Amino acid sequence: MKRIIVRKDSYYDSVVLMSISAEIKKIDGVGEAVVAMGTEVNLTLIKDMGLDSDELRAAGPNDLIIALEGESEEVLISAESKVNELLRKKSSADGQTAYRPTGFESAVKVMPDANLVIISLPGQYAGREARKALQVDRHVMLFSDNVPIETEIELKKLAQERGLLMMGPDCGTAMINGMPICFANVVRRGAIGLVSAAGTGLQEVACSIEKAGGGVSQGIGTGGRDLKDKRVGGIMVRMAVEALAQDPETKVIAVISKPPAKAVIPNVMKTFETAGKPCVVHFIGAESAAGEENIHYAKSLEETARMAVALSRGERYTAQEFELPEEEIAALVERETAGMAPQQQFVRGLFTGGTLTDEAVFALHEPLGGVYSLDPVDPAFELPDPHRSQGHTIVDLGEDVFTVGRPHPMIDASIRTERIELEMEDPEVAVLLIDCVIGYSSHPDPAGAMLDVLQAAKSRARERGGYLAIVGSVTGTEGDSQNVHDQRRKLKSAGCVVMPSNYQAAKLVERIMARRASK
Amino acid sequence: MHERNDSGQRSRGFSDSELTALERGAMVPLTFSGTVIARFEHAVNIVVTGESLIMALVTRREAMSARTLLLPALPHELRTGTTVSAWDGRARVGGHPWWRSAELTAVSGGEIDFAGAPWYYGHLPAAPVTPRRSAQMGESSPVPPPPALIAAMFEMVREHGRDGGLLGLLDRRRGNVFSTFAARLLSVEDKRRATTEYEKLVGLGGGLTPAGDDFLTGMLAAEEIGGAALIDRDAVSRRLTQTESTTVVGATMLRLALAGMFPAYLTAVGAQLTAMPAAAPGAERSGGGATVTRGAVTRATVTRGFRSTVLRALEYGHSSGTDALVGLLWGLHRARVAPFGPVPV
């Protein structure tokens, strides 16, 4: 038996139409099912199947035709009912049909007990939704960027009045009550409370804490402008520190940010001083300063973690540049520089994490005599063409200029592999410096996705009679689905020197380049 | 739109009521009026009054075409049936707020500014012409893509291509009613005529862009990058003038392809193909058909540089990307450029 369903002037996503076709064919007793627009050739095809009707003859290319063959009337009724159900659902792009609230109010109805709202909308809408959430006493994590500064200030003041967290805008990572949110890692709970302006900074510190045997009580993101822009004035950093000061689980507070605006420093420092708990502070790229007894300055993300763990245990922290013994570092440097050709003289850093990029740029700018970047230490080293490296260059491939219409490189590895393909053709490249960030929301196998291209880059340098050193680190833990050890192993298999942290990777590159220059 | 950041520099972002297009298709008129005929997660289709073509607003670069505006976000509530008008590069919905809804009413009088957006043409990169080849042919003639690369793409399409369209033309096990119909049509025509009436594929298949249209777009792309001219372009054009022949979306894509303008996911594949010079005559090829050991094409570049672009293209739409690449391969094969075969028709 046969049946034709015609929906006049119906435009459905191809994915919906194909999924309908596939679902209908699964029904027992359905022979053939054609779901197509009523174009001339499709109508001919359907007629060739022995299906015809006045309705079909009247159909045009903008009408949806569903032609069914079934072994009984009951089967056809069932199939037609299924078609109508599927068309109503208008399945999402991946064919899933999970319920999606259409706005904040309906989301609250679905989960009335939720006390934290994550907002990821275009910047112009995000502020309004965040305001709604704060007004009904929900904490907010604002993933969106491009939120006007005035909106950020207004939201943070509102949050402050109501005693709520307003994390963001542009907050990609948080760890609240042991729950990793957005881009975050599986880290044991413990005595260290983190406050961080940015995502991968928080991830690197949290993972280093886990590695050093410590744990995280809370990880609070604040957004990059909180301390850096005097108009925001560090409202959320201060609130977060105050909250952690009152949190009985938190014994040590660690704060990570780019250097604050000068006008903000007195208030922020006062908050640290009065926290009543040891505070480890790392302002990326800033010189350490003398402070009150309870304030400890760290010079890297990794050191922030190690210092905090030591303090949480009541131990004395001893600074060390490398975990490996100095002889092994020296041997590594010799090995990585031995085969380099004379023209190989530049470092190319291709990062997916913004804070990891900053850390590398600050670590290497001075030793290398200047590093080009999109956010350079010295404005004279602003990279003119983001897509083309020059001299020593370190770029954050997560910057907007690289991701328009594409997912972030922590999700879509191809942005970086394509850039490596470009760099490998440059005979002047001596060292490739990379990060590898794993955890929730990240690529399921970022190291694996780079293997081919890293090996190819090595081969290309060999073909030219040189040697390409590849140095990197993995930000992640054993608990992450990608597993930090697996990722390290994969990178090593491609000839990459995998250092224990991003900072150590950058420092090793400094040594390699110094040795390279001395030859 | 752009706004000034703290340091006074322009940065991409949103103001309260305006979006600025990131790219503008070269065939998007500055002044038009039209009606939204469909809204999807990442695209809005608008039929322009007085033309039987669509214009689209998209948020994904791979969906960019010469009749498309690339936006940082889609207006929240641009619904089917809404009237859209543009004057001198600024578009808005009738006289009403664009994306007003019960729950999101922050924006009123919203507009899209697309006058200053960089243009997207969708031309495929010119294939390289070697002096030797040029001397042989007596004129500039495109060098076809390296056979090893095409063979690699053929395997990738068979392995990763999506069912539902015309993949069955390359792999009979993946066939369906549409590919069976197409295969029958093509094989019969091949036997009877010197040239195949490819135009009969216009409008064939499921989806808002029928698979046949995607296939023909891929074939036209093959012609641009070194394949022979197999398609009777006038016949396809005539077919498109018949309003019943295909959907308005399919017709728009094909008309652009006939004018040498292709969607971004396909130009990306074309760029990869033409960036790799063909192996010199006598070049060694090693096992698997995917390795050329001379010239710039190495196994690594075949499997890596090409791979991500082809995979992204295969993921475009439901089967649109797959069908376009099937057409591209078909065109190269019929032009006797491609080394694979026999094609199971």
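The values are calculated or read from the model by the stated rules, or taken from the named source; none is laboratory data. It should be emphasised that the depicted structure is a prediction, and the values quoted were computed from it without experimental measurement. Cβ sites come from the backbone with ideal geometry, for glycine too, and all protein chains shown count toward neighbours.
A few remarks follow.
- Helices (runs of 4 or more DSSP H) within the stretch A:218-302 that include 3 or more residues within 25 Å of A:Ala505 (Cα to Cα): none
- Every residue from the stretch A:170-193 that is touching a helix residue (DSSP H, G or I) at 6+ places or on another chain (Cβ under 6 Å) and either in a helix (DSSP H, G or I) or over 18 Å from A:Ser481 (Cα atoms) (or both): A:Gly172, A:Ala191, A:Ile192, A:Gly193
- Residue within the stretch A:163-184 that is over 22 Å from the mean Cα position of the chain (by Cα) and either away from every other protein chain (no Cβ under 14 Å) or of a type outside the set (Phe, Trp, Tyr) (or both) present: yes
- Residue-level analysis places B:Val143 among those that are at pLDDT below 85, β-branched (Val, Ile, Thr) and either closer than 23 Å to B:Arg307 by Cα or out of contact with any His (no Cβ under 7 Å at 6 or more places or on another chain) (or both).
- Members of the stretch A:463-477 found to be in contact (Cβ under 8 Å) with a residue 12 or more places away in the chain and over 17 Å from A:Asp435 (Cβ atoms), listed by number: A:Arg464, A:Gly465, A:Gly466, A:Tyr467, A:Leu468
- Of all residue pairs spaced 6 or more apart or on separate chains, those with beta-carbon atoms under 7 Å, a first member in the stretch A:31-44 that is more than 7 Å from chain B (Cβ to nearest Cβ) and a second member that is of a type in the set (Val, Ile, Thr) and in a strand (DSSP E or B) are A:Gly38/A:Ile65.
- Evaluation of A:Val75 against the conditions (1) under 23 Å from B:Ser320 (Cβ atoms); (2) surrounded by fewer than 22 Cβ atoms within 10 Å (Cβ to Cβ); (3) touching a strand residue (DSSP E or B) at 6+ places or on another chain (Cβ under 9 Å); (4) of a type outside the set (Phe, Trp, Tyr) shows that the sole unmet condition is (1).
Residue-by-condition table, conditions (1) at pLDDT 85 or above; (2) among the hydroxyl-bearing types (Ser, Thr, Tyr); (3) farther than 27 Å from B:Leu273 by Cα; (4) touching a strand residue (DSSP E or B) at 6+ places or on another chain (Cβ under 8 Å):
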{"residue": "B:Met156", "(1), (2), (3), (4)": "yes, no, no, no"}
{"residue": "B:Asn176", "(1), (2), (3), (4)": "yes, no, yes, no"}
{"residue": "B:Glu189", "(1), (2), (3), (4)": "no, no, yes, no"}
{"residue": "B:Thr209", "(1), (2), (3), (4)": "yes, yes, no, no"}
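- Unmet criterion (only one of (1) assigned to a loop (DSSP other than H, G, I, E, B); (2) out of contact with any helix residue (DSSP H, G or I) (no Cβ under 6 Å at 6 or more places or on another chain); (3) under 30 Å from B:Thr59 (Cβ atoms)) for A:Pro409: (2)
- Candidate set: the stretch B:32-54, residues that are more than 10 Å from chain A (Cβ to nearest Cβ), without any contact (Cβ under 8 Å) to a residue 40 or more places away in the chain and under 19 Å from the mean Cα position of the chain (by Cα); chosen: the one farthest from B:Thr241 (Cα to Cα): B:Val44
- Among the residues of the stretch A:44-69, those that are touching a helix residue (DSSP H, G or I) at 6+ places or on another chain (Cβ under 7 Å) and either within 15 Å of B:Thr180 (Cα to Cα) or outside the structural domain of A:Lys8 (by TED's automatic domain parsing) (or both) comprise A:Leu45, A:Ile46.
- Subset of the stretch A:394-411 that is modelled with pLDDT of 90 or more and more than 14 Å from the chain's Cα centre (by Cα) - its residue that is farthest from the other protein chains (Cβ to nearest Cβ): A:Ile394
- Scan of the stretch A:147-200 for residues that are over 25 Å from A:Glu303 (Cβ atoms) and touching a Pro at 6+ places or on another chain (Cβ under 7 Å), ordered by number: A:Val147, A:Glu152
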